[in-house]
Each structure stands twice: as C-alpha cells, then as structure tokens.
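The values are calculated or read from the model by the stated rules, or taken from the named source; none is laboratory data. Values in this document were obtained by computation on a predicted structure and should not be read as measured data. Cβ atoms come from the backbone with ideal geometry, glycine included; neighbour counts cover every protein chain shown. In case anyone asks, the SASA skips ligands and DNA or RNA and just uses the protein heavy atoms, side chains included. Shrake-Rupley method; radii C 1.70, N 1.55, O 1.52, S 1.80 Å.
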Amino acid sequence: MCNIGTKRLETERLILRQGTVKDASDIFNNYCSDPLVVKYVSWDAHKNIKDSIKYLEYMEDNYKKDNFYIWFIEDKKLKQVIGSIGVVNGNDKFKVYEIGYAIGSKWWSKGYMTESLKEVIKFLFEEVGAETIHAKHLSENPASGKVMIKCGMKFEGTLRNRKIDKNTNRHSNLESYSILREEYL
C-alpha cells in the first residue's frame, strides 16, 4: 500500500487536480448547483457561492492527508472545473476503494467522466496499490453505470432499497460495479 495523496493527473482533454477556494465560482456554476446533477448525488445542492467556498476549504484541509483522494476535473480548453471524482470510502488494510463522481450536465454524454474514471482507476491500481475498486449509482441514473462498464467495471448486483431518494423521500435501489486488480492488469 502506498498512499500518496491527491496527485495531479492528466488526460487528453482534462486535468484532475486538487481544488482550491479559487475554484468556488466554477464548481458552483458548473455542477454543484445544477439540479440535474444534484438529483443523483448524496450531497445537497450548493445554495450560494459560500457553500462552495466552505466545501473547498474542507478539501484544502484534507489534502494534507496522504490517504485523501478527491480530484476536481478541469477542462483544458475552458480552463474551468466541470466536475469532481474521488475516493468516497476506502479501506487501506484491504486495499478496497469506492469511487464517487459528479459532472455538470452540460458535459454529460461527451466521454469526460469515462476519461476521468479511467485515469483514477489507473492511478489507484498502479500507484496506490488497490486490489478492488467499486462504485454505485442510483437505478434511476443508468448513464452512470454505462461509464463504469466502459472503464472495465463489472456489474455486481442491485442493492435493494439501499438509499432514500432525497427528492421523492422514497427508497431507491443502488447498482453496484467493481473491477479487481487482476482484471485491470
């Protein structure tokens, strides 16, 4: 196991990097206040720029930890943060990491999240030493499952009534996917 913290990663179109308070306007405008995005994530919409600043201050404090992995996704051409991706739950002893992500609806269906997830999977297997990487999505968001499949993850099953939908206050199913080290290699 080699925890090295949130290291800058780069793909053809994107920079995955640590966030700073300077990104508050981008994250607020591009995805954290987007009702289409917030519909599918566990966190609440940012109501104003102060919410985004508070969130980024929390991030800046946590980047000091070598086992903290949250990247902000910057579009190289726009030079704006359009989403985020990172380890939302991890077990260093067993080398198992759960990934969560969000991207502004303007960037949906353009391959940006697939590009980001592939790079994070590569980093976690090759540099951190992960054995298993997994992710879940609400059943109502099948596009997220397609991203996972494109990145080599396999469908594990449905976690029935595992989440309360914050919009409808009804139970929702979660779809679970994973990729093992030997499948990645």
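Details
- Considering region 38-54, the residues that are closer than 15 Å to ASP165 by Cβ and of a type in the set (Val, Ile, Thr) include one that is surrounded by the most Cβ atoms within 10 Å (Cβ to Cβ), namely VAL38.
- From the options GLY86, GLY90, residue that is of a type in the set (Gly, Ala, Ser), surrounded by 16 or more Cβ atoms within 10 Å (Cβ to Cβ), touching an Asp or Glu at 6+ places or on another chain (Cβ under 9 Å) and outside any loop (DSSP other than H, G, I, E, B): GLY90
- Check on VAL120, open to solvent by less than 20 Å² (accessible area, probe 1.4 Å) and either touching a residue at least 60 places away in the same chain (Cβ under 8 Å) or more than 14 Å from the chain's Cα centre (by Cα) (or both): yes
- Between PHE72, PHE28, the distinction of being under 30 Å from THR168 (Cα atoms) and part of a strand (DSSP E or B) belongs to PHE72 only.
- The condition of being in a strand (DSSP E or B) and in contact with a helix residue (DSSP H, G or I) (Cβ under 6 Å, 6 or more places away or on another chain) holds for only one of ILE133, ILE99, that being ILE133.
Residues checked against (1) exposed (fewer than 12 other Cβ atoms within 10 Å of the Cβ); (2) in contact (Cβ under 8 Å) with a residue 24 or more places away in the chain:
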position: SER144; (1), (2): no, yes
position: VAL147; (1), (2): no, yes
position: MET153; (1), (2): no, yes
position: LYS163; (1), (2): no, yes
position: HIS171; (1), (2): yes, no
position: LEU174; (1), (2): no, yes
position: ARG181; (1), (2): no, yes
position: LEU185; (1), (2): yes, yes
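- Within region 1-18, being exposed (fewer than 14 other Cβ atoms within 10 Å of the Cβ) and either touching a Ser or Thr at 6+ places or on another chain (Cβ under 7 Å) or within 10 Å of ILE70 (Cα to Cα) (or both) holds for one residue alone: LYS7.
- For region 45-59, the tally of residues that are assigned to a helix (DSSP H, G or I) and under 17 Å from the mean Cα position of the chain (by Cα) stands at 5.
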